[in-house]
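The values are calculated or read from the model by the stated rules, or taken from the named source; none is laboratory data. Source: prediction; values computed, not measured. A quick note on method: Cβ atoms are made from the backbone with ideal geometry, for glycine too, and the neighbour counts reach across all protein chains shown. For accessibility, only protein heavy atoms count, side chains too; no ligands or nucleic acids. Shrake-Rupley method; radii C 1.70, N 1.55, O 1.52, S 1.80 Å.
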Amino acid sequence: MPWLAQAACMPAYRAIGDLMAERDMQKITRCFCEVWPAMFLQTLPLAGLFALPLWLATGWSWQAMGAYLLLLGAHVLFVQSLVLANVGERRGLWAVAWGAYALALAVVPTVWILPPLVAAATQIAAMGRQLSHVRVFERLDHRNFAADALRGLLLGSVLWADKFVLFLATDGTFQVIVVFMAMLPAVLAYNFYFVNMAPHVDRAVSGLHRAIEKETLPVLASRSTLLSYVVDRSVLRTGAVGMVLTLAAALLLGGLQPHHVLLAVTVAVASWTFMMLTLLSYELDYIGEKITAQALGAVHLVVSILAFAVFSTNGAYALLLLADLVLVAGAWALYKRHWAQPEYTLFWRHATSW
């Protein structure tokens, strides 16, 4: 589901993109409600991309596959409902959603459909009167939707594809606790970036836009240098946080699961490279290098499939670690080239092309 969530939510940001600069949440909520029903229906066929290989690999019954698809649909509803909380930086509302999810899971774990529905209800209730605009049922352009969904799938594959492919390759008989505990530091570091670092980047980008419109060239150059520094600091600090958490997780798992310490360390370090590649791909996508970012995700996805098709779990993650170190090095070089002069990459390059 985390992988599918990238594709499920990406089209929403195109729909509300023109309104995000003003931060008028009433207008944003109204626009989102107008496109949400159609967007939800357009997203549901993507579940088939995950259901088909799962069915071919596992041979699950039709009842089991039906439950799987229903659960994916419920989670699509939930993750799309979180878009407004993310855009509005409403951390409390976001926490309420996940708190409701956890509570439902803890109280009635056998009612598997309940957690995403309860969590989505907390977000739907917060939309208030704007929810009446769902009747507009505005449909997103199919071509734009497909492009955004593909973009989300490729960008999301770096951090999440290996878990899905691992499940298919092992029929679910892998060391679940070790693998997911080992990848947790990467997920925490990734969220650390969006909660603590991304707002600084957004403010610096806004400052550069204002300088382009109103300030003199010396001020513009200063804003550009500041933006490069802020983005570099954000990426490097997130990487450092991820390294510290990875070391802590490796030591903890080494004590709790001494027989699987090699697997824990390999998955933890590989997950750190996944996180860094995802972050650098996001920065490339942000500055307009969308094809490059998607190409990096596609290469990672192909290597993941080949790795788990040929090697054991340890060997596959070792291969992914080596491959992604190369991809991270290449992504870093591309990132530095494009962010060295952000005023050109973000604005002047497009102006001169006109």
Legend entry - LEU322 paired with ASN191, simple spin-label distance in nm, labels 7 Å along Cα-to-beta-carbon: 3.4
Inset, instruction - Return, for the Cα atoms of region 19-176, the radius of gyration and Dmax in Å, separated by a comma. - result: 17.2, 50
Inset, instruction - Kindly report, to the nearest 10 Å², the accessible surface of THR278 as traced by a 1.4 Å probe over protein heavy atoms only. - result: 10
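Compare the peptides 226-233, 279-286, 86-93 by average per-residue count of other Cβ atoms within 10 angstrom and give them in order, highest first.
On the way: 226-233: 16.9, 279-286: 22.6, 86-93: 14.4.
Output ranking for 226-233, 279-286, 86-93: 279-286, 226-233, 86-93.
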Inset, instruction - Calculate what fraction, in whole %, of the accessible area of region 116-241 sits on carbon and sulfur atoms when a 1.4 Å probe is rolled over the protein chains. - result: 61
Inset, instruction - Mind sorting out which of [x] -0.35, -0.83; [y] -0.46, -0.83; [z] -0.43, -0.99 is the real log10 I(q)/I(0) by the Debye sum over Cα atoms at q = 0.08, 0.12 Å⁻¹ computed from the coordinates? - result: [z]
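List every DSSP H helix in the chain whose Cα atoms extend 18 Å or more along the helix's own long axis and whose mean Kyte-Doolittle hydropathy is at least 0.0.
Numbers: long enough: 2-16 (22 Å, 0.55); 25-43 (24 Å, 0.31); 62-81 (28 Å, 1.17); 91-107 (24 Å, 1.31); 114-126 (19 Å, 1.38); 142-170 (36 Å, 0.78); 176-192 (24 Å, 2.19); 198-214 (24 Å, -0.41); 217-256 (58 Å, 1.28); 261-286 (37 Å, 1.44); 290-310 (30 Å, 1.74); 313-339 (36 Å, 0.79).
Span-like helices here: 2-16, 25-43, 62-81, 91-107, 114-126, 142-170, 176-192, 217-256, 261-286, 290-310, 313-339.
Counting only heavy atoms of protein chains, what accessible area per residue, in Å², does the chain have with a probe of 1.4 Å? List each step's numbers first, then the result.
Values: 17310 Å² over 354 residues.
Ligands and nucleic acids excluded, the figure is 49 Å² per residue.
If packing is taken as the mean number of other Cβ atoms within 10 Å per residue, what is the order of 4-11, 135-142, 70-77, highest first? Provide the component values of the computation, followed by the final result.
Numbers: 4-11: 23.1, 135-142: 13.0, 70-77: 19.0.
Ranking the peptides 4-11, 135-142, 70-77 by packing returns 4-11, 70-77, 135-142.
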Legend entry - region 239-310 and region 43-111: distance between their alpha carbon centers, rounded to Å: 23
Inset, instruction - Leaving ligands, DNA and RNA out of it, work out the accessible area of PHE145 with a 1.4 Å probe and give it in Å² to the nearest 10. - result: 20
Legend entry - region 140-169-region 1-32 distance, computed between alpha-carbon centres (Å): 17
